[in-house]
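FYI, it's all coordinate maths here, none of it is from the lab. Fair warning: this is a prediction, and the values are worked out from it, not measured in the lab. All Cβ positions, even for glycine, are placed from backbone atoms using ideal geometry, and neighbour counts span all protein chains on display.
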Number of protein chains: 2
Amino acid sequence: MNLTINLSHIVANYQLINERVAGGARTAAVVKANAYGLGCVEVAKALVAAHCREFFVANLDEAVELRSAQKDVTIYVLDGVTCTTAAAMLEHNLIPVLNSLEQISCWAKSAELHQKALAACVHLDTGMNRTGLGADETALLIAEPWRLSPLNVVLVLSHLASADLVDSNQNLEQLSLFRKYRQQLPLGAASLANSAGTFLDSAYHFDVVRPGVALYGGNPAPHKANPMRQVVSLTAPLLQVRNVDRGDRVGYGATHEFSRKGKVATVPLGYADGFFRSFSNSAFAYVGSVKVPLIGRVSMDLITLDVSDVADSALYVGAPVEVLGTQLTVDEVAHNAGTIAHELLAALGNRYKRCYVYNRSEQTQNK
Amino acid sequence: MNLTINLSHIVANYQLINERVAGGARTAAVVKANAYGLGCVEVAKALVAAHCREFFVANLDEAVELRSAQKDVTIYVLDGVTCTTAAAMLEHNLIPVLNSLEQISCWAKSAELHQKALAACVHLDTGMNRTGLGADETALLIAEPWRLSPLNVVLVLSHLASADLVDSNQNLEQLSLFRKYRQQLPLGAASLANSAGTFLDSAYHFDVVRPGVALYGGNPAPHKANPMRQVVSLTAPLLQVRNVDRGDRVGYGATHEFSRKGKVATVPLGYADGFFRSFSNSAFAYVGSVKVPLIGRVSMDLITLDVSDVADSALYVGAPVEVLGTQLTVDEVAHNAGTIAHELLAALGNRYKRCYVYNRSEQTQNK
C-alpha cells in the first residue's frame with residue numbers, strides 16, 4: 001500500500017495562506033499528531049525550506065521529536081506545561097501554551113528559578129470551554145498582571161469553535177471577546193484563526209494565523225470550492241477478483257446482496273489501516289478511471305468493491321486501486337464515513353509505506 | 001497516556017478457549033494488525049510461553065516481523081502469496097493462505113522450482129465472497145487435484161461471515177458447504193471458526209480454531225455474558241478543570257450546552273489517538289470511582305468531560321482518567337462509537353506508552 005504525500009502541495013497551500021494574510025499576519029504551521037498523520041519531521045522540513053518559522057504541536061513528546069530535526073524554529077506546545085515537564089520544556093527551548101493560572105504559575109516559577117524571562121504563549125478561552133483560561137481566570141489575570149511579569153509573553157491566542165460554520169454567531173462573539181481581552185492584556189502578538197478562521201474575513205487574522213488541515217488539503221471553508229491542493233494519495237494493490245451470482249452476499253453480516261451477476265474485487269486495506277468501518281457500504285474507489293462502490297462491511301484488513309462495470313483487462317492482481325487522491329478528496333472521503341478530513345488524515349495507519357514527493361515546478365506554478 | 005496490556009489475561013483467554021475445544025481442536029492465535037493494536041511481538045511471546053505454536057497474520061510485513069522474534073512457530077499469512085512475494089515467503093518459512101487458483105499456481109511453481117513440497121493452507125470461500133476460492137474455483141480444484149500435488153497442504157480453512165449473529169442461517173449454510181468441501185478435498189487439517197465460531201457449538205471447531213478478538217477481551221458471543229478477561233486499560237492524565245455557567249457551550253460546533261453551573265475537565269486524548277470522533281457526546285470515563293459523560297465533540301488531541309458531580313479533591317492536574325478498562329469494557333466502549341471492539345483495539349494510536357503487565361498468580365487463578 002502506498003501513501004503518497006505531496007510536500008510541494010503542502011508548501012503551495014502554505015504559500016496560498018501566506019498570500020491571503022499578507023501584510024497583516026504571519027503563518028505558523030500546526031503539525032500536531034505527526035502533522036495530521038503525514039509525518040511531522042518531513043512536513044516541517046519542507047515548510048522550513050519555504051521560510052515557515054513557527055510550529056504548533058500538541059505535547060512534549062511531539063515537540064522533542066520536532067526539535068531534534070529543527071534546531072532553530074519556534075515550537076509552541078498546545079498542552080502547555082506542568083511542574084514535571086517544565087525542565088524538559090526549557091531544555092528543548094519550547095514555548096508552552098499556558099492554558100490556566102496553574103500553568104502560568106508553574107512556568108513563572110521556572111523563570112524565577114532560572115532568572116530568565118522565559119518565552120510564553122497565553123491561551124485565553126473565548127467560549128470553547130476546552131483549554132485556555134476561562135472568563136474567571138482571565139479576569140483574575142487582568143487584575144493581577146504581576147502573574148505574568150517573570151515571563152516574556154510572545155503570543156496571546158484563542159481558538160475558534162465554529163469557524164467552519166458560516167452562519168454561526170459564535171465567530172463574532174469570540175472575535176468580540178478576544179478583542180476586548182487584547183485591549184486589557186496587550187502583550188506580545190495575537191492569534192485567533194485556525195484554518196477555517198484564516199478563510200473568514202481579515203478581522204480574524206490578527207498577527208499570526210495557525211492553519212492545520214488546510215495545509216494538508218482539507219477545505220477550510222466548506223461552503224465554498226476548496227482553494228487548497230490535495231496532498232494525499234492512497235493506493236492499494238488489488239488482491240483478488242471473483243465472479244458472483246445474483247443472490248450472493250458479501251462480507252461480515254452479509255450486508256450486501258448482489259441483484260445480478262457481477263464481480264467483486266478484494267483490496268488489502270481495512271479499519272486497522274484507518275480506513276474506518278463506517279465506510280461499510282458507503283465509500284468509493286477508482287480502478288483505473290472507473291469509480292466503483294465499496295460493498296459490504298469494511299474488515300480489519302480488507303475491503304470489497306463491486307467491480308462488475310470494470311473491464312476484465314483492468315482487473316489483475318496487483319492493479320493499483322485508489323481510495324484517496326485527486327479524484328477522491330480527503331473531505332469527500334471523510335464525509336462518506338460521517339467524519340471530517342482531520343480525523344481521516346490523523347487515523348492513517350502504520351502499515352502504509354509513506355512516500356514523499358516534491359515537485360519544484362508544481363510549486364513554482366502555484367506561486 | 002498509559003495503555004496497559006495485561007498479557008496474563010491474554011494467556012488466560014487463550015487457555016479458556018483451549019479448554020473449550022479440548023479433545024477436538026487446537027488453538028491458533030490471530031495476531032494480525034499488530035495483534036489488534038496491542039503489539040504482535042509481545043503478545044506472541046506470551047502465547048508461545050503458554051504453548052501456542054500457530055499464528056495468523058495479515059501480510060508479509062507482519063509475518064517477517066513476527067518471524068524475527070519467533071523462529072520456531074508456524075506462521076500463516078492470510079493475504080496469501082504472489083509471484084513477487086514467493087521468495088520472501090520461502091526465505092522466512094511462512095505458510096501462505098492460498099486464496100485463489102492463481103495463488104495456488106504461484107506457490108506450486110515455487111515448490112517445483114525448489115523441488116520441495118512447500119507447506120500451504122488453502123482457503124475455500126463458503127459464502128463471504130471476500131477472499132478464498134469461490135464455488136467455481138473450488139469445483140475446478142476438486143476436478144483437477146494435480147494443481148495441489150506439488151504442495152504439502154497442511155490446512156484447509158474457511159471463514160464465517162455471521163458467527164456473532166446467533167439467529168443467522170448463514171452459519172449453518174457455511175458449515176454445510178465446508179463439510180461438503182472437506183469430503184471432496186480431505187487434505188491436511190480443517191479450520192472454520194474465528195472467535196465467535198469457537199463459541200458456537202463444537203460442530204464448528206474442526207481441527208483448528210482461530211480466535212482473534214476473544215484473546216484481547218472482546219465478547220465472542222455478544223448475546224451472552226462475556227467469558228473473556230479484559231486485557232486493555234487506557235488512562236490519560238487530567239489536563240485542566242474549569243467552571244462553567246448555565247448556557248456555556250463546549251467544543252467545536254458548540255454541540256453541548258450546560259443547563260446549570262458545572263465543571264468541565266479536559267483530557268489530552270483525541271481522535272488522533274484512535275479515540276473516535278464518533279464518541280462525541282456519547283462516551284464515558286471514570287475519574288476515580290465516578291462515571292462521567294464525555295460532552296461536546298472529540299477533538300484531534302482532546303476530549304471534554306462533565307465532571308460537575310466529581311469532588312474537587314479528585315479534580316487535580318494529572319489525576320488519572322480511565323477511558324477503557326475493567327469498568328469500561330472494549331465492547332461497551334466500542335458500542336458507544338457505533339462500532340465493534342476489533343476496530344477500537346486496532347485503532348489504538350502511537351502516542352500511548354504501551355505498558356505490558358504479566359501477573360503469574362492471576363494466570364494460575366484462571367487455570
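When chain B is modelled as a GNM with alpha-carbon springs shorter than 10 Å, which of B:Asp164, B:Asp301, B:Asp79 fluctuates the most?
Highest fluctuation among the options: B:Asp301.
Over the alpha carbons of segment A:232-328, what is the largest minus smallest coordinate on each principal axis, giving the biggest first in Å?
Taking max minus min along each principal axis of the Cα atoms, segment A:232-328 gives 37, 30, 20 Å.
Just to confirm my numbers, what's the Cα centroid distance between segment A:1-80 and segment B:143-157 in Å?
54
Give me Rg/Rg_expected for segment B:7-216, where Rg uses Cα atoms only and Rg_expected = 2.2 N^0.38 Å with N residues.
In units of the 2.2 N^0.38 Å rule of thumb, it is 0.98.
Return, for the Cα atoms of segment B:100-227, the radius of gyration and Dmax in Å, separated by a comma.
Values for segment B:100-227 (Cα only, Rg and Dmax): 15.9, 52 Å.
Relative contact order (percent) for segment B:7-216, with alpha-carbon contacts under 8 angstrom and 6 or more residues of separation?
20
Counting only helical runs of four or more DSSP H residues, what would the 222 nm mean residue ellipticity of chain B come to if each run contributes -39,500 (n - 2.57) and the total is spread over all its residues?
Rounded to the nearest 500, it is -8000 deg cm²/dmol.
Determine how many Å³ per residue the convex hull of the Cα atoms of the protein assembly as shown encloses.
Cα convex hull per residue, to the nearest whole number: 169 Å³.
What average number of partner chain Cβ atoms lie no more than 10 Å from the Cβ of the residues making up A:243-255?
5
Give me the percent of DSSP beta bridges within segment B:7-216 that run antiparallel, rounded to the nearest 5.
So the antiparallel bridges in segment B:7-216 amount to around 0 percent.
Rank A:Leu78, A:Leu160, A:Leu90 by mean-square fluctuation in a GNM of chain A with C-alpha springs under 10 angstrom and give only the top-ranked residue.
Taking springs between Cα atoms under 10 Å, the residue moving most is A:Leu90.
Any idea which of B:Gly262, B:Gly247, B:Asn59 is furthest toward the positive side of the dipole for chain B, if Lys and Arg beta-carbons carry +1 and Asp and Glu beta-carbons -1?
B:Gly262
Any lysines with Cα under 16 Å of the B:Lys291 Cα? List them, leaving off those in the same chain fewer than 8 positions away.
In chain and number order, the partners are B:Lys263.
Size of the dipole of segment A:232-328 about the Cα centre, Lys and Arg at +1 and Asp and Glu at -1 on the beta carbon, nothing else charged, in debye to 20?
Its charge dipole is roughly 200 debye.
Placing the label point 7 Å from Cα along the Cα-to-Cβ direction, what are the distances from B:Leu140 to the equivalent spots in the other copies, shortest first, in nm to one decimal?
Values, ascending and in nm: 7.6.
Provide the FRET efficiency to the nearest 0.05 for the B:Leu187-A:Arg354 pair, computing r from the beta carbons and using R0 = 45 Å.
So the FRET efficiency works out to roughly 0.65.
Can you give the % of DSSP beta bridges in segment B:232-328 that are antiparallel, to the nearest 5?
Around 100 percent of the beta bridges assigned by DSSP in segment B:232-328 are antiparallel ones.
Work through the residues other than B:Arg246 whose Cβ is under 12 Å from its Cβ and net out their charges, Lys, Arg +1 and Asp, Glu -1.
Within the 12 Å Cβ shell, the charges total 0.
Could you quote the convex hull projected area for segment A:35-94, Cα atoms only and averaged over all directions, in nm²?
3.8
With charges set only on the Cβ (+1 for Lys and Arg, -1 for Asp and Glu), what does the dipole of chain A come to about its Cα centre, in debye to the nearest 20?
Its charge dipole is roughly 620 debye.
Averaging sequence separations of C-alpha pairs under 8 Å and six or more residues apart, then dividing by the length of segment A:63-156, give the relative contact order as a whole percent.
25
Where is the GNM fluctuation largest for chain B (alpha-carbon springs, 10 angstrom cutoff): B:Ser100, B:Ser191, B:Ser289?
B:Ser289
Distances from B:Asn359 to the same position in the other copies: list them in nm, one decimal, shortest first, using label points 7 Å from Cα along Cα→Cβ.
5.7
How do B:Tyr356, A:Tyr216 line up, fewest other C-beta atoms within 10 Å first?
Going from least to most buried by this count: B:Tyr356, A:Tyr216.
Which value, in debye to the nearest 20, describes the size of the charge dipole of segment B:4-148 about its Cα centre when Lys and Arg Cβ atoms bear +1, Asp and Glu Cβ atoms bear -1, and nothing else is charged?
That gives a dipole near 380 debye.
Could you grab the relative contact order for chain A? Cα pairs under 8 Å, six or more apart, rounded to a whole percent.
Relative contact order for chain A comes out at 19 percent.
Could you name the aspartates and glutamates whose alpha carbon sits less than 13 Å from that of B:Lys180, not counting residues in the same chain fewer than 8 places away?
B:Asp125
I want to check the label-to-label distance for A:Asp201 and A:Thr255. Put each point 7 Å from Cα in the C-beta direction and report it in nm to one decimal.
4.5
Viscosity 1.567 mPa s, temperature 4 °C: Stokes-Einstein D of segment B:314-359 from its Kirkwood Cα radius, in µm² per second?
It diffuses with D of about 103 µm²/s by this estimate.
Along Cα-to-Cβ, 7 Å out, sits the label point; list in nm, shortest first, how far the one on A:Ser259 is from those in the other copies.
Distances between equivalent label points, in nm: 4.4.
Using DSSP to call loops (not H, G, I, E or B), can you name the chymotrypsin sites (Phe, Trp or Tyr not before Pro) in segment B:249-346 whose Cβ has at most 12 other Cβ atoms within 10 angstrom?
B:Tyr316
Expressed as cubic angstrom per residue, what is the convex hull volume of the alpha carbon set of chain B?
148
What is the average number of partner chain Cβ atoms found within 10 Å of a Cβ in A:297-306?
4
Rounded to the nearest 5, what % of the DSSP beta bridges within chain B are antiparallel ones?
50
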